Amino acid sequence: MKRLNAPKHWMLDKLTGTYAPKPSSGPHKQRECLPLIVFLRNRLKYALNGREVRSILMQRLVKVDGKVRTDLTFPAGYLDVISIEKTDEHFRLIFDVKGRFTVHRISDEEAKFKLGKVRRCQLGAGGIPFVVTHDGRTIRYPDPLIKVNDTVKIDLETGKITDFVKFEAGNVAMVTGGRNIGRVGVITHRERHLGGFDIVHVKDAREHSFATRLSNVFVIGTSQGPWISLPKDKGVKLSIAEERDARREKAAAEASA
């Protein structure tokens, strides 16, 4: 695809080429993913160009969700775990409050699981119940209490569901689309609109409330706290004035030190 048409959150500059890598078809949508070449070359700076990325991947050094991936343009997406065993590093793709995928390093223990939002829950051939998650996984014989919009905790080694959290008021959620993308807060209530879009109201750690569509809300934990570690801003969005004040305080502290 042309570079100017690439998603803005890839943060590719206009002048270093005409084209951008087009993501392969895979578990995440083209506009909501990050190709491995962009992650390794532009984010981690482990390669200078596409040829070097190919040589890294062809050595089978990079795993996504526990599976070796050798495709340069494989679409890694929200909450995917990218592991590089040679450097003993694990990353989880997660949004910052400006809607960009951040380089978020996680521990070995946290790299063993991922969360998946349930998109479908129905009966298959032979009356076998199954659920489909946001990253295209079909998991048979789930817990009967699991419904659409709930979040399941998936063991990456076995692909089985180990735990789940219901979509209900009081649980911690992250917004994965729209104006409030990347914000984290507690679900306060849900407005049902028959024939329209259900609206969910969320309150963040600074007691700011905001609302977004149900499809943009991804439950990431219970009222006790999130099940995954969050990036440095912890999903709290500051206003422009608050950001400016924080920058000034930081600069003043550095100047005095």
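The values are calculated or read from the model by the stated rules, or taken from the named source; none is laboratory data. The model shown is predicted, which means the values in this text are computed figures rather than measured ones. Cβ sites come from the backbone with ideal geometry, for glycine too, and all protein chains shown count toward neighbours. Just the protein is used for accessible areas: all its heavy atoms, side chains included, with ligands, DNA and RNA removed. Shrake-Rupley method; radii C 1.70, N 1.55, O 1.52, S 1.80 Å.
Is it fair to say F164 is without any contact (Cβ under 8 Å) to a residue 60 or more places away in the chain and aromatic (F, W, Y)? In short, yes. In segment 187-242, of all residues being assigned to a strand (DSSP E or B) and in contact with a helix residue (DSSP H, G or I) (Cβ under 8 Å, 6 or more places away or on another chain), the one that is surrounded by the most Cβ atoms within 10 Å (Cβ to Cβ) corresponds to V200. Find the residue count for segment 78-111, including only residues that are over 29 Å from I240 (Cβ atoms) and touching an Asp or Glu at 6+ places or on another chain (Cβ under 7 Å). So the count comes out to 3. A Cβ distance below 8 Å, combined with a sequence gap of six or more or placement on separate chains, defines the contacts here; from segment 231-257, residues that are within 30 Å of Y78 (Cα to Cα) reach residues that are surrounded by 10 or more Cβ atoms within 10 Å (Cβ to Cβ) and acidic (D, E) in the pairs P231/D96; D233/D96; G235/D204; V236/D204; K237/D204. The one condition from (1) outside any strand (DSSP E or B); (2) among the small types (G, A, S); (3) closer than 25 Å to D135 by Cα that A255 does not meet is (3). Look at (1) out of contact with any Gly (no Cβ under 8 Å at 6 or more places or on another chain); (2) assigned to a strand (DSSP E or B); (3) open to solvent by less than 50 Å² (accessible area, probe 1.4 Å) and you find that L34 fails only one, number (1).
Of the residues making up segment 160-174, those that are touching an Asp or Glu at 6+ places or on another chain (Cβ under 9 Å) and either part of a strand (DSSP E or B) or open to solvent by less than 50 Å² (accessible area, probe 1.4 Å) (or both) are I161, T162, F164, V165, F167. Listed by position, the strands (runs of 3 or more DSSP E) enclosed by segment 39-154 that each have at least 3 residues that are under 17 Å from the mean Cα position of the chain (by Cα) and surrounded by 20 or more Cβ atoms within 10 Å (Cβ to Cβ) are 75-77, 81-84, 89-95, 113-123. Determine whether F210 is touching an Asp or Glu at 6+ places or on another chain (Cβ under 9 Å), closer than 22 Å to R179 by Cα, without any contact (Cβ under 8 Å) to a residue 40 or more places away in the chain and aromatic (F, W, Y). Yes: the conditions hold for F210.
Of all residues in segment 1-31, those satisfying the criterion of being open to solvent by less than 80 Å² (accessible area, probe 1.4 Å), touching a residue at least 24 places away in the same chain (Cβ under 8 Å) and within 19 Å of G99 (Cα to Cα) are P7, H9, W10, L12, P23, H28, Q30.
Residues considered: T70, T87, T138, T158. Of these, the only one that is of a type in the set (V, I, T) and either under 30 Å from A205 (Cβ atoms) or touching a residue at least 12 places away in the same chain (Cβ under 8 Å) (or both) is T70.
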